[in-house]
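All of the numbers you see were taken from the coordinates with simple rules; none came from a lab. All values reported here derive from a predicted model rather than from experimental measurement.
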Amino acid sequence: MARDVSPGNKPVITRTETIARTRLFRVEEVGLRFANGCEVNYERLRGSSRGAVLVVPMLDDNTVLLIREYAAGVERYELALPKGIIEEGETPIEAANREIMEEVGYGARKLNHLKSVTLAPGYFSHTTHVVLAQELYPERRPGDEPEAIEVVPWSLDRLTELFEHVECTEARSIAALFLVRELLAGRS
C-alpha cells in the first residue's frame, strides 16, 4: 500500500536565474523559502521540458535488444537501451518508436508506457519515459548518431551477467530491465 510521506507545504520559489546555458541544458539558481522560514539557494540542471524516452525493445518474450554506443560522459562505450529526446510535437510513444527505428533498425506494433522516472531529482529536472516495445518488425530510419550503433541481443535470463559487465552502468537501463523482467514474468 502506497503511503504519502510528504512533510507538508512545498518551499516557495522566491527567484529563478539562469546562470549557464548549453545546447542541451540550462543551469539555474533557485531561491527557496521553506515553511520554517529558512531561505536557501539551490542550483538545478534543466533539460528539455518534453523529456526523453528509454525503450525496451523485445525481439521475443525473453530477448531484449541493447545498443552499444559511445558515452562521452564516461568516455567509453556503454551497453544500454535505446533512448533519445522527445522531439517537438511527438508523444512519448511516437518518440520511442522513432528511436528504435533509428538506433536498432526495428519498429514496434505494440508500445506501452511503463513508468516515468527521474535521475538525480535533487538537482536535475528531467523525466525519462520508459516504454516497452513488442511485436517488432524490421524498419530502419536514419538517425543523428555519428557512427553506426552496434545492436546486442540479450536474454533476460542473463541479466545478472549483463549487470556484471563493465560496460553496463546506465542506471535508467538497469531499472527498466528489472521492470520489464518482472512485468513479463508476471504474465507467464
For the stretch 29-35, take each phi angle, set θ = phi - 60°, evaluate the Karplus expression 6.51 cos²θ - 1.76 cosθ + 1.60, and give the result in whole Hz per residue in order, putting x for glycine and proline. 9, 10, x, 10, 10, 7, 4
Under 5 Å between amide H atoms, partner at least 5 residues away or on a different chain: which partners does R141 have, H built in plane at 1.01 Å? E102, G105
Separation of the stretch 8-24 and the stretch 104-124 by C-alpha centroid, Å? 25 Å
I'd like the orientation of helix 171-187 relative to the chain: the angle between its Cα long axis and the longest Cα principal axis, in ° from 0 to 90, rounded to 10. 60 degrees
Among Y70, Y106, Y42: highest mean-square fluctuation, GNM of the chain, C-alpha pairs under 10 Å: Y42
HN-Hα J couplings of the stretch 118-127 from phi, Karplus 6.51/-1.76/1.60, θ = phi - 60°, integer Hz, Gly and Pro as x? 10, 10, 6, x, x, 9, 10, 9, 8, 10
As an exercise, take the mean of 1/r over every pair of distinct alpha carbons in the stretch 40-175, invert it, and state the Kirkwood radius in angstroms. 15.5 Å
For helix 92-103, report the angle its Cα long axis makes with the longest principal axis of the Cα atoms of the chain; keep it between 0 and 90° and round to the nearest 10°. 50 degrees
Below 8 Å between Cα atoms, with a sequence gap of 6+, how large is the relative contact order for the chain in percent? 21 percent
Most mobile of R140, R44, R23 in a GNM of the chain (Cα contacts under 10 Å): R23
Which lysines does K83 reach when only Cα atoms under 22 Å apart count, and residues fewer than 8 places away in its own chain are ignored? K110, K115
Report relative contact order for the stretch 88-188 in percent, whole number only (criteria: Cα-Cα under 8 Å, sequence separation at least 6). 24 percent
Considering the chain as a Gaussian network with a 10 Å cut-off on Cα pairs, which listed residue, E39, E103, E161, attains the greatest mean-square fluctuation? E39
Find how much the distance from T18 to C38 grows on full extension, using 0.36 nm per residue of separation minus their present alpha carbon separation; answer in nm with one decimal. 5.0 nm
Full-extension gain in nm, R26 to R141, via 0.36 nm per residue minus C-alpha separation: 38.4 nm
To make sure I understand the rule: partners must be aspartates and glutamates, Cα under 15 Å from the Cα of K10, and not fewer than 8 residues away in the same chain. Which ones qualify? E39
